[in-house]
Amino acid sequence: MLGGMGRIRFCASCGARLPRNASPRRLYCDDVCRAHAYRDRKKAAQDFVLGLMLAEAEWNGDRGIIRLLTCPTCGTITFAGGDRRSDAIYCGGTCRSRAWRQRAARRARRSA
Ligand SMILES: [Zn+2]
Ligand SMILES: [Zn+2]
């Protein structure tokens with residue numbers, strides 16, 4: 001039957017095949033996939049804004065902002081949703097503990 005293939009549609013979030021009888025307006029398998037897609041969109045928008053802020057800070061040479069927006073260890077854009085805890089400047093536990101070890105090594109050299 002012609003046009004039959006056109007009816008096969010896939011979830012816009014996980015890529016699973018949607019049921020053949022799914023309404024033409026349906027984009028996702030279920031609410032879980034819809035929530036995932038929403039979160040991804042929000043995250044993409046946030047990353048975009050952070051990228052713009054960082055570009056501007058680099059242009060202005062604003063080291064404070066650059067420090068706030070990037071991981072001091074590896075340079076990845078971070079800034080976990082405005083979390084102001086001092087350790088939130090790192091992209092993750094690996095970089096945080098690496099920085100901690102570096103600080104500890106410097107302290108040890110100084111006191112030696
Ligand atoms: Zn899905
Ligand atoms: Zn890092």
* Asked: Before we move on, is residue 23 surrounded by 10 or more Cβ atoms within 10 Å (Cβ to Cβ), in a loop (DSSP other than H, G, I, E, B) and among the small types (Gly, Ala, Ser)?
  -> no
* Working only within segment 77-100, note down all residues that are at pLDDT 85 or above and surrounded by 12 or more Cβ atoms within 10 Å (Cβ to Cβ). => 94, 95, 96, 97, 98, 99, 100
* Asked: Does residue 103 fit the bill of being surrounded by 12 or more Cβ atoms within 10 Å (Cβ to Cβ), at pLDDT 90 or above and within 16 Å of ligand 2 (Cβ to nearest atom)?
  -> no
* To do: Would you check which residues across segment 9-20 are without any contact (Cβ under 8 Å) to a residue 12 or more places away in the chain and part of a loop (DSSP other than H, G, I, E, B) and list them?
  => 15, 18, 19
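Every residue, every condition in (1) more than 8 Å from ligand 1 (Cβ to nearest atom); (2) under 16 Å from the mean Cα position of the chain (by Cα), yes or no:
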| residue | (1), (2) |
| --- | --- |
| 8 | yes, no |
| 14 | no, no |
| 30 | no, no |
| 34 | yes, no |
| 37 | yes, yes |
* Asked: Which one of these does residue 25 not meet: (1) modelled with pLDDT of 85 or more; (2) touching a Leu at 6+ places or on another chain (Cβ under 7 Å)?
  -> (2)
* To do: Considering only residues that are in a helix (DSSP H, G or I) and of a type in the set (Phe, Trp, Tyr), look in segment 26-70 and name the one that is farthest from ligand 2 (Cβ to nearest atom).
  => 38
* Determine whether residue 34 is of a type outside the set (A, V, I, L, M, F, W, C), more than 30 Å from residue 76 (Cα to Cα) and surrounded by 12 or more Cβ atoms within 10 Å (Cβ to Cβ). => no
* Structure fact -> Residue pairs within 9 Å by beta carbon, gap of at least six or interchain, first lying in segment 29-57 and without any contact (Cβ under 8 Å) to a residue 60 or more places away in the chain, second within 16 Å of ligand 2 (Cβ to nearest atom) and of a type in the set (Val, Ile, Thr), listed first then second, are 47/77; 50/77; 50/78; 51/77; 54/66; 54/70; 54/77; 57/66
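The values are calculated or read from the model by the stated rules, or taken from the named source; none is laboratory data. Since this is a predicted model, take the numbers as computed values, not measurements. With ideal geometry, Cβ positions are generated from the backbone for all residues, glycine too; neighbour counts draw on all protein chains shown.
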